[in-house]
Amino acid sequence: MSVLTRFIPTPPPAPPFLVLAGDSFFVRQVAIVAGEPIAPQVRLALEGMSPFPPEQLYYGAVPSSDSASALVFGAFRRRFESAELEAWSEAAVVTPEFVPLCSTPIANASGFIRVHSGPTRLTALVWQPNATLPSLVLTRTGTAEACDAFLAEVRSRAGLSSEAGAETLIGELNGRLGTSGEVIFTCGEVQLPVIPLAWFAEADVRDPDFLSNRRRGAIRDLWLWRALLATAALLAVAALLELGAGTLRWQSNRREALVKAQAEDVKQIDTAQALANRIGELSEKRLMPMEMLAAINPSRPDSVVFQRTITRSLHGLEIEAQAGNAEDVGTYAAALRALPVLAEVKTREVRARDGVTSFVLALQFKPEAFRDGGAL
């Protein structure tokens, strides 16, 4: 048993199956119309065979397998004490003791007799040859010692030969509901043939209105029980979700505490990282005119003389120069364009005077040209 099932209330115990003394009832086999409701036909048959109206009787019936006949039984209501009637309201089925014995026996061309010996009564059911319902039901006060004499008397009274089959059951009748909804009766150690619960719908002798209300109440109770189980399952799921949420909160709080504990160390690391980035930026973004001149000077012809240099942003350099040979201006510009450190080379304001050519070089170096303080 799991921990959860301990908190789920157990279902109420199964109601008992009550069997009444057979000698309180008169029994007749009557013909019925197949396919029509049995209850009105049973009531009409009782009105013709009983000196009392059906309202003053506790009655029921057992239909045959072909629904062409029924075993009708009834008892005067005043024969039952009020104390006995109180127990009926809690029972699953209330029926005469011969009803569980009505299951069809093995076919016998000479008939069949079934005798039951209870604590204080003897009951006999007689089947005519190949019949599905008993044609005669007798109940008499007696014990198991009188079974043989009672069987002989019943055989003679029913007009059956000695070849007719016979069966004797000794013990008290006890009924219970099976797992598949069937009714299981035992007589002592012997289990009787299984009977469908629907078979007792007409065999229950209690008031029809009471049975109808009881069936509705049973359906209502079943749905209430299912609702209770569903509620218990939802509560269990909610408890599991709350437990999971609590675990997540604990882990989150633990993680937050760890973050707070390491906040100072993280702050120092961030400061050091920011300082290192600043130093790197300063080393890479400072003006480097001397490095620029050193990169372009090897390609300079001897006739070219720098007059003035001006830096333009971090990577720009503007040079005012003169050349003794005008052709060296173009040659120098072409040599500079071939340098990998330069992204752009422009020559402008080229003027020639008195054999001297003056011009301006506008150079744009690549951003990575002087990374880490040196040329590419």
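Here are a few things to note about the model shown:
- Considering (1) at pLDDT 80 or above; (2) within 22 Å of Val356 (Cβ to Cβ), the lone condition that Pro298 does not fulfil carries the number (2).
Residues checked against (1) under 30 Å from Pro340 (Cβ atoms); (2) modelled with pLDDT of 80 or more; (3) outside the structural domain of Thr347 (by TED's automatic domain parsing):
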site	(1), (2), (3)
Val259	no, yes, yes
Glu264	no, yes, yes
Thr271	no, yes, yes
Ala274	no, yes, yes
Ile279	yes, no, yes
Leu293	yes, no, no
Asp302	yes, no, no
Ser313	yes, no, no
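- Some residue of the stretch 76-98 being of a type in the set (Ser, Thr, Tyr), under 44 Å from the mean Cα position of the chain (by Cα) and either modelled with pLDDT under 90 or more than 23 Å from Arg176 (Cα to Cα) (or both): yes
- With respect to the conditions (1) over 42 Å from the mean Cα position of the chain (by Cα); (2) on the phi > 0 side of the Ramachandran plot, Gly181 lacks only one, and its number is (1).
- When the stretch 330-373 is filtered for residues that are among the acidic types (Asp, Glu) and in a strand (DSSP E or B), the ones remaining, listed by number, are Glu344, Glu349.
- Boolean, Gly142 is of a type outside the set (Val, Ile, Thr) and modelled with pLDDT under 85: no
- Number of the condition not met by Pro193 [criteria: (1) within 30 Å of Leu71 (Cβ to Cβ); (2) in a helix (DSSP H, G or I)]: (2)
- Scanning the stretch 132-152 for residues that are without any contact (Cβ under 8 Å) to a residue 40 or more places away in the chain, surrounded by 14 or more Cβ atoms within 10 Å (Cβ to Cβ) and either among the hydroxyl-bearing types (Ser, Thr, Tyr) or over 16 Å from Val72 (Cα atoms) (or both) returns Gly142, Ala144, Ala146, Cys147, Phe150, Leu151.
- Failed condition for Pro134, given (1) part of a loop (DSSP other than H, G, I, E, B); (2) within 38 Å of the chain's Cα centre (by Cα): (2)
- Within the stretch 145-179, the only residue that satisfies the criterion of being at pLDDT 85 or above, closer than 27 Å to Pro15 by Cβ and among the small types (Gly, Ala, Ser) is Gly171.
- Screening the stretch 201-241 for residues that are surrounded by 13 or more Cβ atoms within 10 Å (Cβ to Cβ) and of a type in the set (Lys, Arg) and picking the one that is farthest from Leu18 (Cα to Cα) gives Arg214.
- Unmet requirement for Arg176, which otherwise passes all of (1) of a type in the set (D, E, K, R); (2) in contact (Cβ under 8 Å) with a residue 60 or more places away in the chain; (3) in contact with a Cys (Cβ under 8 Å, 6 or more places away or on another chain): (3)
The values are calculated or read from the model by the stated rules, or taken from the named source; none is laboratory data. As the structure is a prediction and not an experimental result, all values here were calculated from the model. Because the Cβ atoms are built from the backbone with ideal geometry, glycine has one as well, and the counts that use them run over all protein chains shown.
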